[in-house]
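The values are calculated or read from the model by the stated rules, or taken from the named source; none is laboratory data. No experiment lies behind these values; they were computed from the predicted model shown. Positions of Cβ are backbone-derived with ideal geometry, glycine not excepted, and every protein chain shown enters the neighbour counts. Surface areas here come from the heavy atoms of the whole protein model, side chains and all, with no ligands, DNA or RNA. Shrake-Rupley method; radii C 1.70, N 1.55, O 1.52, S 1.80 Å.
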Amino acid sequence: MKIKPVLFLFAGIALWLTGSAARAQDLGPGFTKVKDGIYVFAPDATTTTCSFVVTQEGVVMIDSCNSPLDSRKMLAAIRKVTDKPIIFLIDTETHSDHTSNHFIFSPPATIINHEGAGEGMRKEFDPKRTETLVAQSAEMRAAVQGHKMITPHIEYKNKMTINLGERIFELIYLKNVHSEADTAIWLPKERVLFAASAANVKRFLNLRPSVMIPDVLASYKLMKSLNPEFVVPGHGPVSTTKIFDEYEGFYTLLLKRVGELAAQGKSLAEIKKELKMPEYADWHDQNRLGVNIEAAYKSAKK
């Protein structure tokens, strides 16, 4: 007799979880409901992730998605969840796969990123990107209508806090980790962290010349110290702090191996040709190992 209430309890929890998953799935493939009012769109393992958070006052978006088609899917999903306006759109970086579709959300959204973001976007702007997209399909041609570059309306310095309705958004600058301006977004009450492209899911990072591996490692230490329950990467599905651990392991080993070869007097070209990382054979974008070796060599020669 005592077992039945327990069975009913577990059955109730299972039904609740199934219902929650179904509600998230109603938004379409690639959408995940992380917590109440927090949704992430990650179409696959490598495409740009974009997200939205519903508050009592309105919606906060994080990045404007990889393509106009994805952005319009995002807008449709938001409208299924709420009729509240999109108040803010926070960029986690400056690259076009995160920022080129602001025109779909702004106005009304006010766009925010760190100091230097606008300049970085203008420097990286490719006027032919729209032409390339238009040529892909009639659907894409319709989605890209009205395209224009919109740079951030607000550029903060180092840290910024937004209190909107019942939620707190803490914006944290990540120095030299990926682009001209990178921002992590921390929701302390919900313990959800949007980690920008400082870390993705089992993917070699495309390190630009300005990126320094010690700065990347410092960003992991900073973000882990927040003790998030969920980590949303710049590319790929929702994860946990394990992605920081994986990258720390990778870069520690890479620095060691590059340092040893450099100490033997080997040139960068020789190291790039010789060095392999078989432990990470299952990671995406294997062709990026070279730029990671270059960054490690730069650190080793300092």
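Considering only residues of the stretch 253-264 that are free of Cβ contacts under 8 Å to residues at least 40 places away in the same chain and under 19 Å from PHE204 (Cα atoms), which is most open to solvent (accessible area, probe 1.4 Å)?
Out of the qualifying residues, it is LYS256.
Residues that are at negative phi and hydroxyl-bearing (Ser, Thr, Tyr): list the helices (runs of 4 or more DSSP H) wholly contained in the stretch 92-166 that include at least 2 such residues.
The qualifying helices (runs of 4 or more DSSP H) are 96-99, 129-134.
Can you pull out the residues in the stretch 265-296 that are buried (at least 16 other Cβ atoms within 10 Å of the Cβ) and without any contact (Cβ under 8 Å) to a residue 12 or more places away in the chain?
Listed by number, the list holds a single entry, LYS266.
Step by step: first the residues of the stretch 199-228, then only those that are hydrophobic (A, V, I, L, M, F, W, C) and assigned to a helix (DSSP H, G or I), then the one that is farthest from TRP186 (Cα to Cα). Which residue is that?
The selected residue is ILE213.
Hey, among the residues in the stretch 122-143 that are under 24 Å from ALA198 (Cβ atoms) and touching a residue at least 40 places away in the same chain (Cβ under 8 Å), which one's surrounded by the fewest Cβ atoms within 10 Å (Cβ to Cβ)?
LYS123
Among the numbered conditions (1) within 19 Å of GLU93 (Cα to Cα); (2) touching a Phe, Trp or Tyr at 6+ places or on another chain (Cβ under 7 Å), tell me where PRO233 comes up short.
Condition (2) is where PRO233 drops out.
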